[in-house]
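A short write-up of the structure that comes next.
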Amino acid sequence: MTKRHFVPKADIDYTKADFTSDQMVKWCPGCGDHAILASLLNVFPKTHHKKENICMVSGIGCSSRIPYYVDTYGFHSIHGRACAVATGVKLANPSLSVWINMGDGDSMAIGGNHLIHIVRRNLDVNVTIFNNEIYGLTKGQYSPTTKFGQITKTSPFGTIDYPFNPGELIMGAQGTFYARALDVMPPLTTEIMLKAAQHDGTSVVEVLQNCMIFNDKAHAAITDKAVRDDKIIILEHGKPMIFGKERNKGLRFNGRCLEAVTIGENGVTMDDIMIHDETTEDTGIHMMLARMKGDLPVAIGVIRNVVKPTYTELYEDQMDECKANGKYKCVDDLLNSGDTWEVE
Amino acid sequence: MMQGDKKVTQKDDLVIRFAGDSGDGMQLSGTLFSDASALTGNDIATFPDYPAEIRAPHNTIAGVSGFQVHVGSHIYSSGDKCDIIVAMNPASLKSNLKWAKKGATIIVDIDTFTDSAMEKAGYTGDPFSEELEHAYTIVKAPISSFTERIGSEMGVDKKVSEKSRNMFALGVIFYITHKKLDQTNAYLARKFAKKTQVVQLNQAVLREGYEFADKLELIHSHIVEVATAKMPKGRYRNITGNVATAWGLLAASERSGRPLFLGSYPITPATDVMVELAKHKALGAKVFQAEDEIAGICSAIGASYAGALACTSTSGPGLSLKSEALGLAVMVELPLVVVDVQRGGPSTGLPTKTEQSDLNQALYGRNGEAPLIVVAASSSANCFYWAYTAAKLALEHMTPVILMTDGYLGNGSQLFRIPKVADLPGITPRLAKPNDPNYRPFRRDPVSFAREWALPGMEGLRHRVGGLEKCPDGPLTTDPENHALMVYNRQEKVNRVANYIPDQEVTGNPDGDLLVVGWGGTSGALTLAVEEMNNEGKKVAYTHFNYICPLPKNTGDILRKYKKIVVCELNNGQFAGYLRTQFPECPMRQYNKVMGLPFEVGELKEAFNKILGE
């Protein structure tokens, strides 16, 4: 089947300034959201989509204020429902490039149902999850991604909730695109978001984002400059899975699970290192990559990016077919169909 | 009139109830009979009475499914008590006898009255007591054995042939109602075109039922010919309320030029609105079966933002789930039609039974000051016009509209005079002009107070909407004066809809001693009750509301004219309470019924006579 693209291209080149709104950005100074906003503003010109055809949809929370800070069409909806509202926007007008922005609570607690279903359907939209592992706008309650045992306002004795791993959730829902980004690495985030925009289907980018007021340093164990190179691995499609300050560490599949190895030690050579393939349909390795933590580096970059017909295409194909072959051309035809009779 | 030695009685109307086990095909028999009646000139109304269970245990009361048909010269409702009851097994007889008129004809499949079936139905003694035989004309037809015999003659297995038992009953009914079989034979030939044997079997069983009746002297004195209707000229069809609702929305979409979007989640008794619209992609209807009720309405709100005539259909519990999103629709001032096919509540309540108890929820069920338009359909057929009107009001006034129907209207059917879409009132959506330098998201038309609709994709009109309070120019603000102004504006916009709707009318005897007030799906029984009382020399006025919020402007003038007012509704007095808040000077009595059942004419007349006598 040939891919159908519905979003019109602009005939001029935009810059970041074209998408910057005149509204004051009211996030806390130092909040990771600023970096994510900057990445988004950098991505829009690169997509070459017509500015009028971009629509931001958000739920409720700090991150969900983003539509006000982008000079496009925007809908700041209600808590948890961004995916549902966006589904209507995209279905009603497939020529819109729809960007959904949510926090971890918004997307995976109150809005968890809508998230898994939009992903399952593979509607052609771009989802960004701002994951700071806390409820920020309500001032510091634990979220579905808060680390087990963490003390928060509503877990004074430590949480006993096992957190979601968003990647597992997305892939479990048959997601076709899942990437993880870091707020502290904006150019990489922009690059990932561009790939997300180019993906046909639901793309989900989880950005590990810092809330310096209510959950400061939540991701510091992997994002601190001092340890970052050894604690994360940046995955690139078709390239070996190498990481470390010295670029001498890699990931090997030992037949049972992934393990971190050092090239040149214990007979390990480059040939032992796995090559990242974001396009394999089977989620096995992608799931393992998304789960990595502790002794294994946290995977950053596009983990999964597979081709599958989108809900948008399938829907429009059906519409076109029905319109071409339908029995009724107008409502009058329908009203007069079946058993009818004339009363004189 | 005599026909041989048979007596044919003329009647204005006739109520027939087909009752059997779920799966006995009672709905089909009823539909075939009503279609044949309509085609021979009768006015009709039907109502299915089905259990919540799909196939409850065989031969139990829980498994009984009914389909009532009312035919005659002018039919307002599916009728109260029945002239004829078909009972395909003991359980159907036991549970439906209460619907029989005095002297009714009751046709039973006597073959099914086995000891075990009678025990399952809860009979301890003989179901056909002397008392029963005396009160009714009981036709004990060997339906199962006759059908089986015809089947075996045609080489059809019993398991297959027994599915045609309903045709035997239908044949008997056709005989008693002095109708021909042609129409139904043609239908069977059409429906089972590829299964010749099924056609032959059904036609043979139908004929057998007819001939059985012809040989049965017992019913020769009970043959009735129902008067045909004097209906306005035009093309007619039979239609259920839910299909009429769906078609009304389609017509509004075509007329307004805005593509139809329905975001919904299955819920009894509203599902058929979605099922119907899902068939019509060719007409541009986009139906989205959402993951839940909330996603249903939220997707509709998103579609509305993107420029669709957006709708969601639901019933009581679903409307509860949609409350927060309804508030969002009020806040962003986008057109939205919410169809609430009411059922018995609260909670899961009585999914398959009718009630009018969602009114308070529709009027008030949101946080904050969140006014919206509420309208109600009052017959299965006029669901078409009220769905159309709801869409027109939503699009022209930029607001959510709740359309209230109910299980009785939605599942019931009536004759529908087919309009031409071009003859329906025009609909002008308030679309903004691309690149209008003066466009502001909440700039209002000074007359209607409605804002303009700027669609994503339109050049030069980029803006943001959302649930947070905004100032008229668009940006967020918590300014106290602005909030007061926006609250006022949203209320005023809904209030001003009263300037665009017709005056409320009074029927019956406008100079009556009593004003009967109704709203929504009860108009059939109320109309008939008032008509009969006036015919009996009483003076009764009647006014029936379809515009609920805002009310027509002359509502107060009408109410203040009458010393005695009775508000009748299928709840504990929600509309009465609403009227009292607006017209505290008017004392109102109430007549309420909360049994999951429609009003009966008899009980209404009794109540009205009592009030007149006070």
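Please treat every number below as a calculation from the coordinates, not as lab data. Quick caveat: nothing in here was measured; it's all calculated off a predicted structure. Please note: Cβ atoms are built from the backbone with ideal geometry, for glycine as well, and neighbour counts cover all protein chains shown.
Count the net charge of all other residues whose Cβ sits under 13 Å from the Cβ of B:Gln582, scoring Lys and Arg as +1 and Asp and Glu as -1.
Neighbourhood net charge equals +1.
With just the Cα atoms defining each centre, how far is the stretch B:286-306 from the stretch B:523-538? Give it in Å.
If we compute the Cα centre of each part, the gap is 43 Å.
Regarding the stretch A:49-94, what is the average projected area of its C-alpha convex hull, in nm²? Each step should come with its number before you reach the end.
Values: hull surface 12.5 nm².
Average projection, Cα convex hull of the stretch A:49-94: 3.1 nm².
For peptide B:473-483, how many partner chain Cβ atoms fall within 10 Å of a residue's Cβ, on average? The partial results should precede the final answer.
Values: counts 0, 2, 5, 5, 0, 0, 0, 0, 0, 0, 0.
The shielding value for this peptide is 1.
Which values, in whole Å and largest first, are the semi-axes of the equivalent ellipsoid of chain A obtained as the square root of 5 times each eigenvalue of the Cα gyration tensor?
Working: eigenvalues 298, 124, 83 Å².
Output for chain A: semi-axes of 39, 25, 20 Å.
Sorted by packing (mean other beta-carbon atoms within 10 Å per residue), highest first, where do A:71-84, B:498-511, B:471-484, B:445-458 land?
Listed from highest to lowest mean packing, they are A:71-84, B:445-458, B:498-511, B:471-484.
Over the stretch B:454-509, what is the relative contact order in percent, taking alpha-carbon pairs closer than 8 angstrom and at least six residues apart?
17
Mind sorting B:Ser221, A:Ser107, B:Ser413, B:Ser144 by how few other Cβ atoms lie within 10 Å of their own Cβ, fewest first?
Numbers: B:Ser221 12, A:Ser107 34, B:Ser413 29, B:Ser144 19.
If I rank by nearby Cβ atoms, fewest first, I get B:Ser221, B:Ser144, B:Ser413, A:Ser107.
222 nm [θ] for the protein assembly as shown, helices only, -39500 (n - 2.57) per DSSP H run of 4+, per residue, to 500? Numbers along the way, then the final one.
Values: 33 runs with 326 residues, N = 958.
Helix-only estimate at 222 nm: -10000 deg cm²/dmol.
Hey, if you put +1 on the Cβ of every Lys and Arg and -1 on every Asp and Glu Cβ in the protein assembly as shown, which of B:His544, B:Leu514, A:Met212 ends up farthest toward the positive end of that dipole?
My answer, from the dipole projection, is A:Met212.
Rounded to the nearest 20 Debye, what is the dipole magnitude of the protein assembly as shown about its Cα centre when Lys and Arg each give +1 and Asp and Glu each give -1 at the C-beta? Intermediate values should be presented prior to the final figure.
Numbers: 100 positive and 109 negative charges, 235 e Å.
About 1140 debye.
Step through the residues of the stretch A:127-134 one at a time and calculate ³J(HN,Hα) from phi using the Karplus curve (6.51 cos²θ - 1.76 cosθ + 1.60, θ = phi - 60°), rounding each to whole Hz and writing x for Gly and Pro.
10, 10, 9, 8, 9, 10, 6, 7
Given q = 0.10, 0.12 Å⁻¹, what are the Debye log10 I(q)/I(0) values for the stretch B:50-205, with equal point scatterers placed on the Cα positions and solvent ignored?
-0.40, -0.59
Give me the inter-chain shielding for B:278-291: mean count of other chain Cβ atoms within 10 Å, whole number please.
Partner-chain Cβ atoms within 10 Å, mean over residues of B:278-291: 6.
At what distance in nm do the modelled label points of B:Ala186 and A:Ile275 sit from each other, each positioned 7 Å from its Cα along Cα→Cβ?
If labels sit at B:Ala186 and A:Ile275, their model points lie 7.2 nm apart.
Most fluctuating residue of A:Val204, A:Val127, A:Val184 in a GNM of chain A with Cα springs under 10 Å: which is it?
A:Val184
What is the angle, in °, between the Cα long axis of helix A:186-198 and the longest principal axis of the Cα atoms in chain A? Nearest 10 is fine, range 0 to 90.
Approximately 30 degrees, to the nearest 10.
Based on the Cβ-Cβ distance of B:Ser347 and A:Asn266, what FRET efficiency does E = 1/(1 + (r/R0)^6) give at R0 = 51 Å, to the nearest 0.05? Walk me through the numbers on the way to the answer.
Numbers: r = 65 Å, r/R0 = 1.27.
According to the calculation, E is roughly 0.20.
Taking Cα centroids, how far is the stretch B:77-112 from the stretch A:168-225 in Å?
Each part's Cα centre sits 67 Å from the other's.
Under the rule a/c < 1.5 gives rounded, and otherwise a/b versus b/c splits prolate from oblate, where does the stretch B:194-235 land using the Cα gyration tensor?
On the way: a/c = 7.90, a/b = 1.18, b/c = 6.67.
In terms of gyration-tensor shape, oblate.
What whole-number value in cubic angstrom gives the convex hull volume per residue for the C-alpha atoms of the protein assembly as shown?
Values: hull volume 209.0 nm³, N = 958.
Taking only Cα atoms, the protein assembly as shown has a hull volume of 218 Å³ per residue.
Quick check on the stretch B:368-409: what are the equivalent-ellipsoid semi-axes from the Cα gyration tensor, as sqrt(5λ), descending, whole Å?
Numbers: eigenvalues 85, 33, 5 Å².
Sorted largest first and rounded, they come to 21, 13, 5 Å.
What three numbers, in Å, describe the spread of the alpha carbons of the stretch B:1-123 along their principal axes, ordered from the longest?
On the principal axes, the stretch B:1-123 reaches 44, 34, 21 Å in Cα extent.
Tell me the trypsin sites (Lys or Arg not before Pro) within the stretch A:211-240 that lie in a loop according to DSSP and have at most 11 other beta-carbon atoms within 10 Å. Each step should come with its number before you reach the end.
Values: sites: A:Lys217, A:Lys225, A:Arg228, A:Lys231; in loops: A:Lys217.
Loop-located and lightly packed - A:Lys217.
Applying the Karplus parametrisation 6.51 cos²θ - 1.76 cosθ + 1.60 with θ = phi - 60° to the phi angles of the stretch B:276-293, what ³J(HN,Hα) value in whole Hz is obtained for each residue in order, glycine and proline being reported as x?
5, 5, 4, 7, 10, 4, 4, 8, x, 6, 9, 10, 10, 7, 7, 6, 6, 4
Quick check: the angle from helix B:143-153's long axis to the longest principal axis of chain B, C-alpha only, nearest 10 degrees?
Helix B:143-153 sits at roughly 80 degrees to that axis.
Where nothing but the Cβ of Lys and Arg (+1) and of Asp and Glu (-1) is charged, how large is the charge dipole of the stretch B:400-548 around its Cα centre, in debye to the nearest 20? Provide the component values of the computation, followed by the final result.
Numbers: 16 positive and 18 negative charges, 151 e Å.
In total the dipole reaches around 720 debye.
Placing +1 on the Cβ of each Lys and Arg and -1 on the Cβ of each Asp and Glu in the protein assembly as shown, which of B:Thr31, B:Leu409, A:Met193 has its Cα farthest towards the positive end of the resulting dipole?
Ranked along the dipole, the leading option is A:Met193.
Across bins of 10 angstrom width beginning at 0, how are the C-alpha pair distances of chain B distributed, in whole percent?
Binned Cα distances yield the sequence 3, 16, 24, 24, 17, 10, 5, 2, 0.
What is the extension gain from B:Glu603 to B:Lys233, computed as 0.36 nm multiplied by their sequence separation minus the C-alpha to C-alpha distance, in nm to one decimal?
Details: separation 370, 0.36 × 370 = 133.20 nm, distance 3.41 nm.
Full extension of this stretch gives 129.8 nm more.
Would you kindly give the portion of the calculated P(r) for the stretch B:508-614 that falls above 19 Å, as a percent of all Cα pairs? Walk me through the numbers before you get to the answer.
On the way: 2115 of 5671 pairs.
It works out to 37 percent of all Cα pairs.
Considering only the stretch B:244-352, what is the antiparallel percent among its DSSP beta bridges, to the nearest 5? Write out the running numbers ahead of the final one.
On the way: 1 of 12 bridges.
Taking every DSSP beta bridge with both residues in the stretch B:244-352, the antiparallel ones total about 10 percent.
Given an 8 Å cut-off on Cα distances and at least 6 residues of separation, report the relative contact order of chain B as a percent.
On the way: 1350 pairs, mean separation 69.2, N = 614.
Rounded, it is 11 percent for chain B.
What FRET efficiency comes out for A:Asp22 versus B:Glu481 if R0 is 22 angstrom and r is the Cβ-Cβ distance? Round to the nearest 0.05.
Numbers: r = 23 Å, r/R0 = 1.04.
Efficiency for this residue pair is about 0.45.
Measuring from label point to label point, each 7 Å out along Cα→Cβ, what is the A:Asp161 to B:Glu225 span in nm?
Between A:Asp161 and B:Glu225, the simple spin-label model gives 7.5 nm.
Only Lys, Arg, Asp and Glu count, each charged at its Cβ (+1, +1, -1, -1), so figure out the dipole size of chain B about its Cα centre, rounded to 20 debye. Walk me through the numbers before you get to the answer.
On the way: 65 positive and 67 negative charges, 311 e Å.
Around 1500 debye, computed over chain B.
Quick one: net charge around A:Gln198, please, counting Lys, Arg +1 and Asp, Glu -1 for every other residue with C-beta under 12 Å from its C-beta.
On the way: positive: A:Lys3, A:Lys46, A:Lys195; negative: A:Asp124, A:Glu191, A:Asp200.
Summing Lys/Arg as +1 and Asp/Glu as -1 gives 0.
Distances over 14 Å make up what percent of all Cα-Cα pairs in the stretch A:180-220? Spell out each step's value before the answer.
Details: 415 of 820 pairs.
Roughly 51 percent, rounded to a whole number.
Tell me, what ³J(HN,Hα) does each residue in the stretch A:80-95 have, in order and in whole Hz, if you take phi through Karplus 6.51 cos²θ - 1.76 cosθ + 1.60 with θ = phi - 60° and put x for Gly and Pro?
So the J values, rounded to whole Hz, are x, 9, 4, 4, 5, 5, 4, 4, x, 4, 5, 5, 5, 9, x, 7.
Just need the Rg to Rh number for the stretch B:412-538, please, alpha carbons only, Kirkwood Rh.
Numbers: Rg = 22.9 Å, Rh = 19.6 Å.
That ratio equals 1.17.
Could you put A:Cys211, A:Cys322 in order, starting from the residue whose Cβ has the fewest other Cβ atoms within 10 Å?
Going from sparsest to densest Cβ surroundings: A:Cys322, A:Cys211.
Show the residues, 5+ positions off or on another chain, whose built amide H is closer than 5 Å to the amide H of A:Val127.
The list, which skips near neighbours in sequence, is A:Ile100, A:Ser203, A:Val204, A:Val205.
Counting pairs of alpha carbon atoms under 8 Å apart in space and at least six apart in sequence, what relative contact order in percent does the stretch B:61-110 give? Please report the intermediate quantities before stating the final value.
Numbers: 53 pairs, mean separation 19.4, N = 50.
It rounds to 39 percent for the stretch B:61-110.
Rounded to whole Å and ordered largest first, report the semi-axes of the equivalent ellipsoid of the stretch A:134-231 derived from its Cα gyration tensor (root of 5λ).
Working: eigenvalues 132, 65, 29 Å².
Its equivalent ellipsoid spans semi-axes of 26, 18, 12 Å.
Hey, in the GNM for chain A with a 10 angstrom Cα cutoff, which one of A:Asp11, A:Asp104, A:Asp229 fluctuates hardest?
Ranking A:Asp11, A:Asp104, A:Asp229 by mean-square fluctuation puts A:Asp11 first.
Can you give me the long-range amide H partners of A:Ile232? Hydrogens built in the peptide plane at 1.01 Å from N, cutoff under 5 Å, separation of 5 or more residues or another chain.
Counting only residues 5 or more places away or on other chains, the set is A:Val298.
Counting other Cβ atoms within 10 Å, which chymotrypsin sites (Phe, Trp or Tyr not before Pro) in the stretch B:547-607 have at most 14 and lie in a DSSP loop?
Numbers: sites: B:Tyr547, B:Tyr562, B:Phe575, B:Tyr578, B:Tyr591, B:Phe599; in loops: B:Tyr562, B:Phe599.
Sparse-neighbourhood loop chymotrypsin sites (Phe, Trp or Tyr not before Pro): none present.
Antiparallel versus total DSSP beta bridges in chain B: what percent is that, nearest 5?
Values: 32 of 87 bridges.
Looking only at bridges with both residues in chain B, the antiparallel portion is about 35 percent.
Considering all alpha-carbon pairs of the stretch B:322-400, what whole percent are spaced by more than 16 angstrom?
On the way: 1701 of 3081 pairs.
Above the 16 Å cut-off, the stretch B:322-400 has 55 percent of its Cα pairs.
I'd like the antiparallel share, as a percent to the nearest 5, of DSSP beta bridges with both residues in the protein assembly as shown. Please report the intermediate quantities before stating the final value.
On the way: 53 of 141 bridges.
So the antiparallel bridges amount to about 40 percent of the total.
Assuming R0 = 51 Å, can you tell me the calculated FRET efficiency for the pair B:Lys158 and A:Phe6, based on Cβ-Cβ distance, to the nearest 0.05?
0.35
Could you work out, residue by residue across A:65-75, how many beta carbons of other chains sit within 10 Å of that residue's beta carbon, and then give the average as an integer? Working shown, then result.
Working: counts 4, 0, 4, 6, 1, 2, 3, 4, 12, 7, 12.
Across A:65-75, the average partner-chain Cβ count within 10 Å equals 5.
Please give me the summed charge of the neighbours of B:Arg343: other residues whose Cβ is under 9 Å from its Cβ, Lys and Arg +1, Asp and Glu -1. Intermediate results must be reported in sequence, preceding the final value.
On the way: positive: B:Lys353; negative: B:Glu355, B:Asp358, B:Asp406.
Residues close to B:Arg343 contribute a combined charge of -2.
What is the gain in length, in nm to one decimal, between A:Asn248 and A:Lys147 on full extension, counting 0.36 nm per residue of separation less the C-alpha to C-alpha distance?
Numbers: separation 101, 0.36 × 101 = 36.36 nm, distance 3.00 nm.
Stretched fully, the A:Asn248-A:Lys147 segment lengthens by 33.4 nm.
Near the amide H of B:Gln342, under 5 Å away, which other amide H atoms are found, from residues 5 or more places off or on another chain, if H is placed in the peptide plane?
B:Thr405, B:Asp406, B:Gly407
Which ordering of B:Phe113, B:Phe608, B:Phe261 is given by a fewest-first count of other beta-carbon atoms within 10 Å? Display every interim value, and only then the final one.
Working: B:Phe113 19, B:Phe608 26, B:Phe261 29.
Ordered from fewest to most neighbouring Cβ atoms within 10 Å, B:Phe113, B:Phe608, B:Phe261 come out as B:Phe113, B:Phe608, B:Phe261.
How far is helix B:383-397 tilted off the main Cα axis of chain B, in degrees rounded to 10, range 0 to 90?
On a 0 to 90 degree scale, this one is about 10.
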